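This report refers to the structure that appears directly beneath it.
The values are calculated or read from the model by the stated rules, or taken from the named source; none is laboratory data. None of these values were measured; they are calculated from a predicted model. Neighbour counts run over all protein chains shown; Cβ positions are idealised from the backbone, glycine included. Accessible surface is based on the protein model in full, side chains and every heavy atom, while ligands, DNA and RNA are left aside. Shrake-Rupley method; radii C 1.70, N 1.55, O 1.52, S 1.80 Å.
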Amino acid sequence: MAQNNPFDTTALLRFNESFDSTNEDSALQTRGEFLKAFPLERLKNLEIDDYVIGHGTPTFCARVEVKTRAWAAIQGATAMKFGIYYGQTKKDSTQTYRFGKKFGETKDAAFAEVKKALLQLVHEGGQDKPDFAAIDGNPLSQMFKAKILSLYFPDRFLNVCSKEHLALLAGDLGIPERKYSSEYQHLLLELKIANAVSCDWSNPKFMQYLYEKYVWADKSSTVELHKPRKRGHQKVNFEDIQAAWDAIGKASEEFALKWEKERLLGAGLDDQIPKIDDRRDRPGYGYDFLSYSSRTTERYIEVKSVGRFRAKGEYRFFLSENEQCVSKSQQHSDEYYFYLVLFDGDGKPSSLLAMKANDVYKVAEVVPASYMVRFDLDKIKLGL
């Protein structure tokens, strides 16, 4: 294990205090979705079209590179990093299987060798004491291997995949020079575990700290919200608006529930999935679902269908007085989340942002949309 944890405790605490979990939750959800689609036991039965990118379907390679981008980005190299893919080249527009000659002379032979390398990689990565020489010697590309290891074995490998970034971080954090990139992945994770502040952080959260502190320096990867520009008054039919939201509300809630189950799976909290309490039919609670941020911390989830409002980049959703009160209450405020569901051009839920209500309130305008008027009819008739 790496010796002498080098982290600045003050910097860690400051980061922890201001941390926005939106990206973290998205990363964990994408890992959960990946594990559902390609659990380890499925790999031995992979067929070529389950694996290759290029068919426009969520294959193994498509999920590792694109669908789990929130977990770790490995774009930049060509599709040849997968060993075999389906597509064209700059010189040949024919759509066909392309593969590295080191894997074989035919697509079937090449895929057999790629699959063999993949199975060997996960075998080595799953060992209590991984063989770093064997992992780095595996013929699959370095970034591809690093991401696969981080997705399947987050207790052994940090989700930093760039060879250059691994070496940079290791140098900045005082890890003695090593021969193998996979060992840097492992040792950086051990540094996280060894520190009293970061030991319970998820890997995406720790990775974000490392990049903001050492790689990006003055940049931030957090999702930014801005207060909308002031607008003039307009006439709004709230009944029509409410009817439209009611029509898509159920789709948003089902999308969010599936997303939350995948987040828990990605966070290693799959045993908490059966404990999610659906409270949609009990509006007095002030939120839709009771879930968990950890095994001991409850998470209160209010699902909101988010619609574009006039200007580009400006969105809105409707909030009841009870939901607002609950979200700001001492009991709930620290773990009350808005799950903001956005829709594609076909009117179907396409993406979700999980944001703490407190963070939304800091940068949003909250405007009354309707009121309840109560009165005694007899008194009105008497003019009292």
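Among the residues making up segment 284-308, those that are open to solvent by 40 Å² or more (accessible area, probe 1.4 Å), of a type outside the set (Gly, Ala, Ser) and closer than 15 Å to His332 by Cβ are Tyr285, Thr297, Glu298. Scanning segment 323-368 for residues that are among the small types (Gly, Ala, Ser) and in a helix (DSSP H, G or I) gives Ser327, Ser333, Ala357.
If you go through segment 185-199 and keep only what is open to solvent by 20 Å² or more (accessible area, probe 1.4 Å) and either farther than 22 Å from Thr10 by Cα or hydroxyl-bearing (Ser, Thr, Tyr) (or both), you end up with just His186. Within segment 90-132, the residues that satisfy the criterion of being assigned to a loop (DSSP other than H, G, I, E, B), open to solvent by 70 Å² or more (accessible area, probe 1.4 Å) and under 18 Å from Val52 (Cα atoms) are Ser93, Thr94, Gln95, Lys101, Lys102, Glu105, Thr106.
Residues that are at pLDDT 85 or above, in a strand (DSSP E or B) and over 11 Å from Asp288 (Cβ atoms) within segment 300-322 comprise just one, Ser305. Just one of the listed residues (Asp25, Asp50) is at pLDDT 95 or above and within 23 Å of Leu189 (Cβ to Cβ), and it is Asp25. Residue pairs whose Cβ atoms lie under 6 Å apart, separated by 6 or more positions or on different chains, with the first residue in segment 157-182 and under 23 Å from Gln127 (Cα atoms) and the second open to solvent by less than 50 Å² (accessible area, probe 1.4 Å) and part of a loop (DSSP other than H, G, I, E, B), are Asn159/Trp71; Asn159/Ala72; Cys161/Ala72; Cys161/Ile74; Leu166/Val160; Ile175/Ala2.
Residue-wise test of (1) exposed (fewer than 15 other Cβ atoms within 10 Å of the Cβ); (2) within 23 Å of Arg263 (Cα to Cα).
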| residue | (1), (2) |
| --- | --- |
| Pro139 | no, no |
| Ile148 | no, yes |
| Gly174 | yes, no |
| Trp201 | no, yes |
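Inspect segment 68-83 for any residue being touching a residue at least 12 places away in the same chain (Cβ under 8 Å), crowded, with 19+ Cβ neighbours inside 10 Å and more than 30 Å from Lys205 (Cβ to Cβ) and give the result as yes or no. The answer is yes; a qualifying residue exists.
For segment 19-38, enumerate the residues that are open to solvent by 10 Å² or more (accessible area, probe 1.4 Å) and more than 10 Å from Met355 (Cβ to Cβ). Across segment 19-38, the qualifying residues are Phe19, Asn23, Glu24, Ser26, Leu28, Gln29, Thr30, Arg31, Glu33, Leu35, Lys36, Ala37.
Take the conditions (1) touching a residue at least 24 places away in the same chain (Cβ under 8 Å); (2) within 23 Å of Val341 (Cα to Cα); Lys44 misses just one of them, which is (2). Show the residue pairs that are 6+ apart or on different chains and have beta-carbon atoms under 9 Å apart, the first residue being within segment 5-22 and more than 27 Å from Ile175 (Cβ to Cβ), the second being in a helix (DSSP H, G or I) and modelled with pLDDT of 90 or more. Final answer for the pair search is Asp20/Asp359; Ser21/Lys205; Ser21/Asp359; Thr22/Asp359.
With respect to the stated conditions, Pro228 fails to be open to solvent by less than 50 Å² (accessible area, probe 1.4 Å) and at pLDDT 95 or above. Against the list (1) assigned to a loop (DSSP other than H, G, I, E, B); (2) hydrophobic (A, V, I, L, M, F, W, C); (3) modelled with pLDDT under 95, the condition Leu158 fails is (3).
If I filter segment 337-361 down to residues being touching a residue at least 60 places away in the same chain (Cβ under 8 Å) and exposed (fewer than 15 other Cβ atoms within 10 Å of the Cβ), which single residue comes out as nearest to Ser291 (Cα to Cα)? Once the filter is applied, the top-ranked residue is Lys348. Any residue at all in segment 185-201 that is in a loop (DSSP other than H, G, I, E, B), among the hydroxyl-bearing types (Ser, Thr, Tyr), at pLDDT 90 or above and touching a Lys or Arg at 6+ places or on another chain (Cβ under 9 Å)? Yes, the conditions are met somewhere in segment 185-201.
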